[in-house]
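Step one of this worksheet: look at the structure below.
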Amino acid sequence: MDSKIKSPIVIYSICASAIAIFGLLGYLPGLGVLASISESDIPMAPSTAISFIVLSGILFTLSLRSSSQSSLRVSFSLTMVVTLFAALEVVGYFTGLDLNFEDALVPAAGQLGEIPIGRMSVYTGALFLLSGLAVLALLWRVRGNNSKINLTDLIGVLGALTFSTAFIVCLTYFFGSHLLYGQGATIPMALTTALAFIMLGAAIVGASGKGSIPLCWLSSTINVGTSAEISEGKRLFSLAMVMVLVSLMVMTITIVILYRQNITEHRMLLTDTVQSQARLIEAVARYDAINEKETQEASLATIGQVIDAHKNYKGFGDTGEFVLAQLDGDKIEFIIQNRSDSAAPPQSVPFNSELAEPMRLALKGLSGTIIGLDYHGEIVMAAYEPVAILNMGLVVKIDLEEIRKPFIQTALTTTVIAFILILGATAIFFRLGQPIITQLRKHNKNISELRQAEESVASLGKIITESLNEIFIFDAESFEFIYANNRSLENLGYTIDELKSRTPVDIKPEYTLEKFTELTRPLRTGAKDHLVFTTTHKRKDKSLYDVQIHLQLSEYIEQKAYIATILDMTERKQAEKEKAKQAWELIFANNQVTAHRKRLSAIINNLMDALITISERGIIEIFNPAATKMFGYTEEEVIGQNIKMLMPEPYHKEHDGYLDNYITTGEKKVMGIEREVKGRYKDGTTFPMVLSISETYINGERLFIGIIRDITEHKRTEELLRRSQKMETIGELTGGISHDFNNLLGIIIGNHDLMRREIEDGSKQQKRLNNAQNAALRGAEITRRLLNFSRQSEEAHSPVKIDKIIAEFEDFIRKSITASINLEIHIEKDIWLVDLNPGDFQDAIINLTLNARDAMPSGGRLIIEARNIILDHNMADLKYGIKAGEYVQISVSDSGTGMTKATADKIFDPFFTTKDKSKGTGLGLAMVFGFVKRCNGSINVYSEEGEGTSFKVYLPRSLSAADSYKKRTDIDKILPTGNETVLIVDDEEDLVAIAKSVLENLGYTTYCASSGDEALEIITHNNKIDIIFSDVVMPGYLSGFDLAEAVVAVKPEIKILLTSGFTGKMKQQEAHQKWSLNLLNKPYRDLELAEAIRKALDN
């Protein structure tokens, strides 16, 4: 329902219900003032009030929310009851049958003359019959049932008839003429009932919809805001009805004015008559009083003369009457009662009775006129006057029905004649004016087509101008801005004139003109059809904000121009897309409109986002090229089809219900917001996308516009980020554990080295010691791998040829697999150099090899390949998530069991494993993933269940020309000696003891300290120190780095050698980088310590 008419419907429904509720409350003791506006007016009947509450409540509910089938059935049943009750009231009145069961439900509240109070009027029943039929038709339309009748027009006309009839009744009350009072026992329509019908009729007209005859007529005459067009038939019908209604209102007002004038004349006539008769009787009474001695005899004589004088008096009119009465105790005794038709015998009524109101006033000594009940219970106009000398009252009266009868007859006759004359005049007018109307219609059609074309241009321009995304157009040669929409100007703070003197480089601080020219080269050369990149924009106030730019080269007013769609990344999730792209394929009437269409069409056709428009029935009307590229359908394949073809389940099944619910209720759930949903490619596969929907009206027809962005790559990036964050978390844990292990292993390995050199070669003790030493070294290797995995121990990368590394430990690979597995190694000649740590690379290959071995329990083929490869932009950006360039591809493939896609998606997660707990930790492939990322490379897995798995690693080519790979030094070589003085600083006493023993055996003099503060104290009092050998992480305020800085500041001639088993945190400070270049990693061998000391002293 249109929001412009929803609020009035709610207000009118509430007003009708409020009037009805007040009418019901008026029947409660002490609240009678609420029953009617005036005490002389009849109140609203309880059945009338209940009917109002039912119908207005249904209208109120329908205007606010969608109704379920069960609630519609309840509303339908209640409306049928009200309509049937009203129909029985009307039929019973005209047939004379007692069809109304109102008396059985609610007892009457009394009488107003012959009129029962608390009973529904036949006129009220007729209007309830009209409004009930209108509400039934409305419910039928809401349920979506088909009908050959135009329900919208039917509802509107019935509501308008209800409104206009009630308005005429109110108008009559307003002019002081109780139109229906005085018709015997006929129940008139109460004024409160008429007011409630005005509200109910207005609500029904509003609920009929803007396409109904009443609202179409209103929109075409007073422009209430709807855009509905009225047809010729509706216009003719509306014109005739308006003329009839206007004529009825004029005649009603005229007759009412004449009636009031007639009432005034009758008042004056009755007043003159009663006063002259009273004075005459008083004169006779005074005469008799003079001639008669007894007062009573004089009064009787006077009364006798008056009676004799009125025996032959016939009154006036049909119901004119002359009444003389006196007060006898608490009763009124009538002496003379003369009517024109007969002279009734005297009778009496109680003085306090509601009857004989005029006579009661006369006997009280008052004079005047009144409209009220007489002693017959009829509503009369009476003039009353006291006859003071006789203590009597005199009343001259006439029935109100006699005064009104000619006016009612005249009104009915005039209405029929006016209706016939107006219809005839209307037909003659259209017959004679048809040629002129035809010409005007053709002229209006041409104007309408031109207006539609101009509106389409304005609409499309408005879409671009008011888009929530920033849109720029700038010249392809000079880069000067040509156009910027409102969002762009608002966000940047420039005016359009200020912006036209600038280029994109002026608002992109990261780019120079040369760099931006180079960036756009692929578009100018045709290598790419669009670019997507992120950068920073600078506003006029110098503030910055991050943006994502979609750039393409296109035609704009017969010149090459760049079209840029800018996404403000800082407000992206909060912005609501209230405006979207509207339909653009409309007919244009002139060259200027055609030029606008061409420009706007080019912009929409080149938008990076998919733009789809659908009708109210969900039929696709526009499908731009970006949508074709996204979904895989051609424009011809989807135009005219339901939008559901682009939706997977459950959206496919539920879409029609969503659309119908919104159109029926106007309740917004997805309108104007950006949300993430699933789309379906032509091949049936699904993909994630961001969808924003808006609506507009073009030529009175609702149009839904959808803007769609494929976020497959965005989701992939989020997954990589999640995986990296998990790796970092695990890394923090493993790094801390590995630090403590290094200290413990350093003590073990150091003592083993000392003991091994003191034991004879070939002895049993030496073999046992070697076994223990090898176990400790394997523990140190595991710790090193954990540190590499956590990125907290980054060993130096150097350019190497991987063919040499693989050849060196090929035998180790063969020993790692079973004899049933056939190993094949294929390495391309002239393989490029790669920057990496050889140990890390060996670990990665071994982990991949072991993973392949476990996937082939019954044997198979294991193939290791290496080749040079060049990745272009499409392969690098979209497939591998790395930059385009030259890479070395290492493949490790097996013919094993393979894995599912769900398993492959988690294969690199730390601690994820499909093996038994006794066979795998879930860290192997996670360490491979970490190694590849440290090398700025990429790793992908391809697997099919039952076919096998292939891991492909892409490592960037090194720019160095020299191979720096060397084999490890033999630990059994002779240790270098010296005679310098060494200060050993470490908080682990056992490590200090080992280092002291090794160095002193080599000829060095040593001093020892357990903290940085203690070391500074020794240096201050000892000038013989040549070199400081210090741990990095120590208790106290000074770390190894801080100690080195303090010593060099005081004694720069002293050499520094640092050692640590955990160096990740120290590299967070650039000032410490120079000390970490020659860092000796824990645990170290005696040879590594001797060579490191000697090298530091010699350099």
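Some values worked out for this structure:
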| quantity | calculated |
| --- | --- |
| Pairwise centroid distance, computed over Cα atoms, of the range 1031-1052 with the range 53-92, Å | 90 |
| For the range 669-707 and the range 447-487, distance of Cα centres in Å | 22 |
| Highest-first arrangement of 130-141, 396-407, 77-88, where packing means the average Cβ count within 10 Å | 130-141, 396-407, 77-88 |
| Ranked by how many other beta carbons lie within 10 Å on average, peptides 1048-1057, 498-507 from highest | 498-507, 1048-1057 |
| FRET efficiency for Arg279 and Phe407, using Cβ-Cβ distance with R0 set to 41 Å, rounded to 0.05 | 0.80 |
| Shape call, the range 981-1098: gyration tensor on alpha carbons, a/c limit 1.5 | rounded |
| Peptides ranked, highest mean first, by Cβ atoms within 10 Å: ranges 833-845, 679-691 | 833-845, 679-691 |
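Laboratory data are not the source of any read-out in this text; all were calculated from the coordinates shown. Because the structure is predicted, anything quoted here is derived from the model rather than measured. Here Cβ is always computed from backbone atoms with ideal geometry, including for glycine, and neighbour counts include all displayed protein chains.
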